[in-house]
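As C-alpha cells, the structure follows; a few thoughts come after it.
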Amino acid sequence: MNANVVRCVLKKTVLIVKSLAIITIVLGLAACASSKKNRFPGGEDTVGVGDTVRFYGTSMSPEQERELLSQRVYYFGYDSFDVDDNDTMSVYAHAKRLANSPRTRVRLEGHTDERGSRDYNVALGEKRANAVANILMLKGANQDQISVVSYGKEKPAVRGHDESAWAKNRRVVIVYEVE
C-alpha cells in the first residue's frame, strides 16, 4: 500500500475515534442533565407535603413528614460544623419543601457558644449554616432560596456558663421568610 493511502486511512480513523469520543461525552452529559434533580437516596422522586413519601426506602406518612419539617433547630458539637446524622432526614425534608416551592426562601442562622473570640465564632457560625445550606442544595433546593447569616455568640438561646447551656447555643436555625 502506498504511504499516502495509509496516512489518509489513519487520519480518517483518528477523526472517527475523536467523533465517537465527543458523541459519548455529549450523550453522557445529556443523560445527567435529563435525570431528575429532586431525588432522594433510593431513587424516590420528591413530592409535595401530604403525599406518602419514601426516604431511604421507608414509607413516610404526611404526619411524619410534618414532624420532620417542624424541626428547625440543629445542634452541633463543640468546635464542629458537621451536621448530626440524626438531623439529616429533617434537613432532607426541608430541601424537598424548598425544591417543590420555588418561591419559598429560608434564612439559615448560625450560632456558637460563648467560648472563643468574636471573629472565630462568627466564622464558625457561618460554617455551620453553610453546612446545612450545602445539604439543602444537594437535595434539590436552589441557591437563590437560601441566605446564610452568622450571629456567632451574640444571640445565645440559653444563658449560662456550663456545657448544658453551651450545647443549646451551638446551633443553626432555619427561618422561613416566604411561605
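The values are calculated or read from the model by the stated rules, or taken from the named source; none is laboratory data. This is a predicted model, so every value here is computed, not measured. Counting neighbours? That spans all protein chains shown, and the Cβs are built from the backbone with ideal geometry, glycine included.
Failed condition for S80, given (1) modelled with pLDDT of 95 or more; (2) under 19 Å from the mean Cα position of the chain (by Cα); (3) surrounded by 15 or more Cβ atoms within 10 Å (Cβ to Cβ), with all others met?
S80 satisfies all of (1) modelled with pLDDT of 95 or more; (2) under 19 Å from the mean Cα position of the chain (by Cα); (3) surrounded by 15 or more Cβ atoms within 10 Å (Cβ to Cβ) except (3).
Just to check your reading of the model, which residue among G28, G43 is modelled with pLDDT under 60, farther than 24 Å from H161 by Cα and not assigned by TED's automatic domain parsing to the domain that holds V148?
Within the list G28, G43, the selection yields G43.
For the range 8-23, give me each residue that is under 35 Å from the mean Cα position of the chain (by Cα) and at pLDDT below 70. Don't jump to the end; show me each part of the working.
As a first pass, look at the range 8-23 and keep what is under 35 Å from the mean Cα position of the chain (by Cα): 21-23.
Residue satisfying the conditions is A21 alone.
From the list Y120, Y151, which one is closer than 16 Å to F76 by Cα, of a type outside the set (A, V, I, L, M) and touching an Asp or Glu at 6+ places or on another chain (Cβ under 7 Å)?
Within the list Y120, Y151, the selection yields Y151.
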